[in-house]
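A short worksheet on the structure shown next.
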Amino acid sequence: MSRRSRIFLGILLIYAAGIAFLLYRVVGDIDPRYRESAEESLVDTSQFMASLIEQDVIAGAINTARLEPLFRSVYARQFSAQIYNLHKNRVELRVYVTDRTGRVLFDSLGRATGADYSRWIDVSRALAGVYGARTSRDVEVDPRTSVMYAGAPIRWNNEIVGMVSVGKPVQSFGQFVEDARARTLWVGVGSAFALLVLAIIVSVWLVRPFGLISDYVRWTRAQKSLSLTRMARRALDALRGGFGEMRDALTGRNYVADYVQTFTHEVKSPLSAIRGAAELLQEPSMPQHEREHFLANIERETRRIQEIVDRMMELTALETRRTLERTQPVALATLLDELVASAQGAATARGVRVALDLRATPLTEGDPFLLRRAVSNLLDNAIDFSPAGSTVLLSLEADAKQARVAVRDHGPGIPDYARDKVFEKFYSLARPNGQKKSTGLGLAFVKEIAALHRGRIELANAKGGGAIAVLTLPLSSGH
């Protein structure tokens with residue numbers, strides 16, 4: 001994965017992590033806020049009930065006689081209330097009253113009358129004259145049966161003679177919590193997705209004023225016959241191109257800085273050689289043969305700089321092409337046969353033979369010029385690293401979905417330290433027999449061409465010595 005892609009994915013991961021953390025905090029804060037709201041209402045209700053019961057206190061004795069028919073009537077009421085997404089048709093409020101010792105005098109549900117509740121925190125604190133509340137489960141192992149209680153003291157002549165506690169099942173407002181969580185998650189995820197789509201659209205339009213849709217329509221018009229498979233594949237290529245352009249728009253400054261840094265590093269050595277030779281040529285007493293030697297050095301290093309600049313311009317132009325503008329069926333067997341014929345001259349000069357092994361005659365969809373350049377680069381590399389008297393084998397095979405072009409040499413192979421670097425820009429291994437290093441852009445060029453054709457390039461050491469490069473390409477839909 002390139003540095004640009006890593007930076008871009010890092011930005012996306014940071015963005016996703018930020019959104020996820022924000023949603024986690026917001027969703028996690030919903031339940032406490034609802035509980036606080038429900039508890040505040042229970043406090044009001046408990047104070048109201050305490051004031052009501054105080055009206056029936058006689059000589060410090062609490063009389064709960066009228067509470068039983070009251071709650072029996074309340075629980076029997078029939079109504080229908082639609083509260084947003086919640087339908088309510090019964091009263092779920094609970095009330096119990098204790099004396100000053102914490103013994104239950106009245107329980108609206110009729111379950112705990114006579115029980116000792118003095119250890120419950122809402123009872124003990126209310127009887128002590130301070131605010132007390134608790135949340136307990138009706139069924140210990142089932143959290144859905146939790147009930148929230150808030151207590152209030154019952155006074156007679158400024159003396160606490162008992163307490164009343166008002167409870168409400170958590171499940172009654174838990175539906176609001178779940179609904180709020182679901183809505184928050186949907187809104188958060190939807191907003192994040194919309195923002196990401198907006199960033200893609202803005203980035204694509206900043207880099208390509210005519211947009212991906214215009215490119216796709218222009219490509220469709222240029223086709224002699226339309227195929228749904230090819231159209232879908234082209235659409236996917238366009239989307240992948242948009243992704244790449246957004247990545248470059250976000251990380252373009254780093255990308256340019258990397259290019260400038262590596263380019264400066266590569267031309268520094270030949271420029272130093274040219275400068276040194278030029279200074280020496282200013283010596284009037286220099287012998288003619290040495291002068292010719294330094295002039296040859298200047299010419300060689302100048303050609304090297306020119307080659308680096310030309311290759312770099314080609315590679316940069318290739319990297320800005322997210323999709324192939326025009327494609328056509330390419331007969332790989334014919335293309336390889338032509339390349340072998342054209343490479344024989346350079347191979348013979350080095351005492352190397354180039355052989356061709358065609359095990360299939362597949363068609364691929366692509367740009368024949370770029371494919372020819374890619375395989376030609378692989379052949380040139382193999383010839384450069386091959387010892388005299390050896391053979392470079394160019395082979396072609398295919399299965400139901402893809403074709404594989406392999407270039408095998410019998411050179412020194414790839415050192416372990418270079419296996420992960422061979423496709424990096426400006427990375428080059430020393431040629432055998434004292435030959436100078438190449439520009440280090442050839443394999444990067446091949447990699448870009450393979451990506452444009454929805455293929456891949458792999459380079460590894462071959463069994464028995466040497467290296468083997470395999471260019472894998474998808475077959476044409478009509479093949």
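Here residue 168 is the anchor, and the aspartates and glutamates within straight C-alpha reach of less than 17 Å, apart from those fewer than 8 places off in the same chain, are 31, 36, 39, 40, 44, 92, 107, 122, 138, 140, 142. Rounded to the nearest 20 debye, the dipole size of the range 328-474 about its Cα centre is 300 debye, using +1 on the Cβ of Lys and Arg and -1 on the Cβ of Asp and Glu. Extension gain for residue 458-residue 272 works out to 63.5 nm (0.36 nm per residue, less the C-alpha to C-alpha distance). Modelled this way, with points 7 Å down the Cα-to-C-beta line, the labels at residue 156 and residue 369 are 10.5 nm from one another.
Packing, taken as the mean count of other beta carbons within 10 Å per residue, orders the peptides 102-110, 372-380 from highest to lowest as 372-380, 102-110. Extension gain for residue 75-residue 195 works out to 38.2 nm (0.36 nm per residue, less the C-alpha to C-alpha distance). On full extension, the segment bounded by residue 58 and residue 289 gains 70.1 nm, given 0.36 nm per residue less the C-alpha separation. Counting only aspartates and glutamates at least 8 places from residue 447 when in the same chain, those with an alpha carbon closer than 12 Å to its own are 319, 424, 458.
Values quoted throughout were computed directly from the atomic coordinates according to the rules given, and no laboratory measurement underlies them. Given the structure is predicted, the values throughout are model-derived calculations rather than measurements. So basically every Cβ, Gly included, is an ideal-geometry build from the backbone, and we count neighbours across all protein chains shown.
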